[in-house]
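Asker: The structure's right below; bear with me while I get my questions together.
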Amino acid sequence: MKHLTLLLFILWGGYALAQKGSVSGRVSNGISNEPVPFAVIKVRDSLISASADEEGKYVLKNLAPGVYTIEFSMVGFVPRVLYEVRVNPGSVSVLDVELEESSLELGEVEITTSPFSKTAESPVSLRNIGQDEIERNPGGNRDISKVIQSLPGVAGTPSFRNDVIIRGGAPNENRFFIDGIEVPNINHFATQGSSGGPVGMINVNFIKEVDFYTGAFPAGRGNALSSVMEIRLKEGNPERFSGNLTIGASDLGVSFDGPLGKKASGIFSYRRSYLQYLFTALQLPFLPIYNDLQFKIKYRMNAKNELTIIGLGAFDDFELNLDANETPFQKYLLNNLPEYKQWSYTTGAVLKHYREHSYQSLILSHSSLENKAQKYFNNNRASDTNKIQDYVSSESETKLRLESVYLRNGWRIISGVGGEYVSYSNSTFNKISLPSGLLLVNYSSELNFVKYHAFVQFSKSLADNKIGVSGGLRHDGSTYSSTTTDPGNLSPRLSVSWNFAGNFSLNMNAGRYFQLPPYTVLGYRDSFSTLINKNNGVKYIRSDHGVAGLEWNNRSNRRITLEGFFKDYSDYPFLTDDSVCLANLGADFGVIGNAPVTSTSSGVAYGLEFMFQQKLKKGFYGILSYTYVRSEFTDKNGNRVPSSWDNNHLITLTGGKKWGKGWEVGFKWRYLGGGPYTPYDTLRSGLRAVWDVTGRGLPDYDLLNTERNPAIHQMDVRLDKRINRTKWWLNIYLDVQNVYAFKAELAPYLDVLRDDAGNPVVDPGDPSRYQLTMLKNESGNVLPSIGLTFGF
């Protein structure tokens, strides 16, 4: 250890001039894939520039290691600006760029394009995030799910989880795509039927950029009600092999990329966690252990055809730390948390064919998840009579889509059709307590059906590109039941953008969106193998969105946006046993929706968002965002009450400074308004017959979300030092989460009093009951971590 410390100090202080690097690639027409000869490539704020040759190839030479803003332009094409392009010493950064034909007649080349994403289809609620922004985010642990919580309208949960709450919607209302391939989940230890988990699966070394939609989803992206995340991965270096070793706050990862023959390149990574050691040191009663593997292969058959293959897989093991059993809080968690194993993977291929004015994509993918959970009373496995829960479930999706993008005379037409085969199985043994009494759930289920969709979207710029208009229509259906084949599941949408005064624009979108309930809901059966929720007429969940906003954009590095949003939900699943809407569940480990439901709940979410953002300029960058949000869903009496995601006020301030010799410092401060929670039914929970089965307090849904937690705030800081050498580089960082040790107070836990042997104490006044107590639920440790990334 002493030798390692000495080595790090030597590297830290031994900064020297590094060999310069370069950026090379190809500039092409984004529709036809034809080269754009003689395109101009310029490094902003410098005299370095280059021109593409007749094949569209270019090289920017003699670049000192660092990050650059690079401009691409050509007469007849919409200019493009790429921020924070990383150049490493002694290496070539490959940057292939696609330009879109302009409908304007340009007399000269002039860079006016903004670095901030906005399209005719989605002129509002769209944010773009680059790799460097993800990597340097304080407290983000190089995890995209944590990084997006800095953006307006995004809330998280105050726990070791990645649940993302978008504009008052539930965690299961989000969808994720990697290079156009849908990935059902991007987190380890996901909650089946929802999302989340404590750690992201995607290695940030793979990420090129992310488009994050919190509304105004394109017609080609369905089955989402709150957000769509489009992740685009880097391509392997076609010229030489390079590698990367990362030691982070929670895992060790290795990745490498390089050529795979003359026409192909690839990038691969593997990660292994050591988060369990941190949790052991913190005396937490649960130990998450995870592994993940990721790859991407790009094969360019010829100028008109290319094939992309990706894969993402994870194996997760959630164990109990039985030695952490000294405090009442530790004992409570040990008595309630199950042990479970989970593995999941997605693999897929995109075959793209280019034509003169269009290109077509054929996307084939397969995703699978297996989830196993067990729980024994007092964690005593000596007898099956102690078993409280034994759950084994799997779900898989095989998807095929055909999409086309056509561009001519200023018209952009995107259309497509698709289908997927779904297979779901479930074996459930569970002892639960209902208001009507104790219930033993013991059933097996298998379910197979087909989902399908079709869509089209038209976009056009008018009045010299000052007005953008886009309209789309989508239909979704499935063979699950007659209610899910409804031809009325049509999703119209309309977007309008008006650049009315210089740097100011007015943007709006209205649309209808549908999402099929989770497979845990669709596949639920009773002890007679009856598909209960099919008989209950479960439907697609519907949500009608309206968004309008004002934007100021200096077309260089700053943007201010103000947006108002409204979401109207209907046909939401309502759990008949618990008398609660499914939208109020999802931020916990385990399984969501494995119960009888009816499509009878409704809700609204509405609010206002403000954001000021500065991209990297003269070493400074930052985001200030504020969101006012309300989220309400119906209770069992049909009255709207605050949902679990009704945080009211969200504030985030992030910023940082890069300066000479590879130093960088950043900070993030977040404020999360207190969320509602439901108090316990102490009369029913304290019954010995009930507690011996459940081991936890039961919520009183007659008082749904009538209590509220205090607000939460936290400051994270990060210090980076990057060392560049002739053929390699090293980044060392110190990340400190919750620097001022704020204690977040969450909903308390209801527990029983225990004697010295750990056994529940019987109420002397009523032998049918245990004595109860409330456990304070606080979290807020200062979490410092040191990590490094070594690349060559």
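Asker: It is to be established whether one or more residues within the range 542-562 are touching a helix residue (DSSP H, G or I) at 6+ places or on another chain (Cβ under 8 Å) and in a loop (DSSP other than H, G, I, E, B).
Answerer: no
Asker: May I ask you to list pairs of residues, at least six apart or on different chains, whose Cβ atoms are under 6 Å apart, with the first in the range 43-68 being more than 13 Å from VAL23 (Cα to Cα) and the second being among the basic types (Lys, Arg) and open to solvent by less than 40 Å² (accessible area, probe 1.4 Å)?
Answerer: Going by the 6 Å Cβ cut-off, there are no qualifying pairs.
Asker: Return a yes/no flag: does the range 319-338 have any residue that is assigned to a loop (DSSP other than H, G, I, E, B) and over 25 Å from ILE289 (Cα atoms).
Answerer: No, that holds for no residue.
Asker: Let me ask something additional. With LEU293, LEU282, LEU312, LEU322 as the choices, which residue is farther than 30 Å from ASN380 by Cβ, open to solvent by 50 Å² or more (accessible area, probe 1.4 Å) and aliphatic (A, V, I, L, M)?
Answerer: Step by step, each of LEU293, LEU282, LEU312, LEU322 is checked, and only LEU293 is farther than 30 Å from ASN380 by Cβ, open to solvent by 50 Å² or more (accessible area, probe 1.4 Å) and aliphatic (A, V, I, L, M).
Asker: Still on this structure, please answer the following. Name the residues in the range 592-642 that are within 24 Å of VAL124 (Cβ to Cβ) and small (Gly, Ala, Ser), would you?
Answerer: GLY603, ALA605, GLY607, GLY622, SER625, SER631
Asker: Sticking with this structure for a sec: Looking at TYR354, TYR391, TYR345, TYR376, can you tell me which residue is touching a residue at least 24 places away in the same chain (Cβ under 8 Å), open to solvent by less than 40 Å² (accessible area, probe 1.4 Å) and farther than 30 Å from LYS460 by Cβ?
Answerer: Selected residue: TYR391, the only one of TYR354, TYR391, TYR345, TYR376 that is touching a residue at least 24 places away in the same chain (Cβ under 8 Å), open to solvent by less than 40 Å² (accessible area, probe 1.4 Å) and farther than 30 Å from LYS460 by Cβ.
Asker: Which of the residues belonging to the range 21-45 are in contact with a Phe, Trp or Tyr (Cβ under 8 Å, 6 or more places away or on another chain), closer than 28 Å to LYS617 by Cβ and assigned to a loop (DSSP other than H, G, I, E, B)?
Answerer: Hits for the range 21-45 are VAL36, ALA39, ARG44.
Asker: Do you know which of the residues in the range 314-352 that are touching a Phe, Trp or Tyr at 6+ places or on another chain (Cβ under 7 Å) and more than 24 Å from ASP251 (Cβ to Cβ) is modelled with the highest pLDDT?
Answerer: LYS352
Asker: Right, another one. Would you mind stating whether SER423 is open to solvent by 20 Å² or more (accessible area, probe 1.4 Å), among the hydroxyl-bearing types (Ser, Thr, Tyr) and farther than 30 Å from THR694 by Cβ?
Answerer: Criteria met by SER423.
Asker: Can you name every residue in the range 325-342 that is open to solvent by 30 Å² or more (accessible area, probe 1.4 Å) and more than 25 Å from the chain's Cα centre (by Cα)?
Answerer: Scanning the range 325-342 gives ASN325, GLU326, THR327, PRO328, PHE329, LYS331, ASN335.
Asker: ASP568: among the charged types (D, E, K, R), open to solvent by 30 Å² or more (accessible area, probe 1.4 Å) and at pLDDT below 95, yes or no?
Answerer: no
Asker: Among the residues that make up the range 700-713, is at least one of them within 28 Å of the chain's Cα centre (by Cα), open to solvent by less than 20 Å² (accessible area, probe 1.4 Å) and polar (S, T, N, Q)?
Answerer: yes
Asker: Still on this structure: Does the range 506-532 hold any residues that are assigned to a strand (DSSP E or B) and either of a type in the set (Ser, Thr, Tyr) or free of Cβ contacts under 8 Å to residues at least 12 places away in the same chain (or both), and which are they?
Answerer: Once the filter is applied, which keeps residues that are assigned to a strand (DSSP E or B) and either of a type in the set (Ser, Thr, Tyr) or free of Cβ contacts under 8 Å to residues at least 12 places away in the same chain (or both), the range 506-532 yields only TYR513.
Asker: Also: In the range 199-218, what residues are closer than 22 Å to ASP251 by Cα and within 12 Å of the chain's Cα centre (by Cα)?
Answerer: If the condition is that a residue be closer than 22 Å to ASP251 by Cα and within 12 Å of the chain's Cα centre (by Cα), then VAL199, GLY200, MET201, ILE202 are the ones that fit.
Asker: Does PRO152 satisfy the condition of being part of a loop (DSSP other than H, G, I, E, B), out of contact with any Gly (no Cβ under 7 Å at 6 or more places or on another chain) and at pLDDT 90 or above? Working first, answer last.
Answerer: On the way: part of a loop (DSSP other than H, G, I, E, B): yes; out of contact with any Gly (no Cβ under 7 Å at 6 or more places or on another chain): yes; at pLDDT 90 or above: yes.
Here the answer is yes, as PRO152 does meet what is asked.
Matching residues to (1) out of contact with any strand residue (DSSP E or B) (no Cβ under 8 Å at 6 or more places or on another chain); (2) closer than 30 Å to ASN465 by Cα; (3) modelled with pLDDT of 75 or more:
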{"residue": "PHE9", "(1), (2), (3)": "yes, no, no"}
{"residue": "LEU17", "(1), (2), (3)": "yes, no, no"}
{"residue": "SER73", "(1), (2), (3)": "no, yes, yes"}
{"residue": "ASN88", "(1), (2), (3)": "no, no, yes"}
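Asker: Identify all residues within the range 576-603 that are free of Cβ contacts under 8 Å to residues at least 60 places away in the same chain, assigned to a strand (DSSP E or B) and open to solvent by 10 Å² or more (accessible area, probe 1.4 Å); write none if there are none.
Answerer: If the condition is that a residue be free of Cβ contacts under 8 Å to residues at least 60 places away in the same chain, assigned to a strand (DSSP E or B) and open to solvent by 10 Å² or more (accessible area, probe 1.4 Å), then THR600, SER602 are the ones that fit.
Asker: Mind listing whichever residues of the range 636-679 are in contact with a Lys or Arg (Cβ under 9 Å, 6 or more places away or on another chain) and within 15 Å of LEU151 (Cβ to Cβ)?
Answerer: LEU650, ILE651, THR652, LEU653, THR654, GLY655, LYS668
Asker: For SER227, which of the numbered conditions (1) under 25 Å from PRO784 (Cβ atoms); (2) crowded, with 21+ Cβ neighbours inside 10 Å fails to hold?
Answerer: (1)
The values are calculated or read from the model by the stated rules, or taken from the named source; none is laboratory data. Predicted model only: the values in this text are computed from it and were never measured. Counting neighbours? That spans all protein chains shown, and the Cβs are built from the backbone with ideal geometry, glycine included. Ligands, DNA and RNA are excluded from the accessible area calculation, which covers all protein heavy atoms including side chains. Shrake-Rupley method; radii C 1.70, N 1.55, O 1.52, S 1.80 Å.
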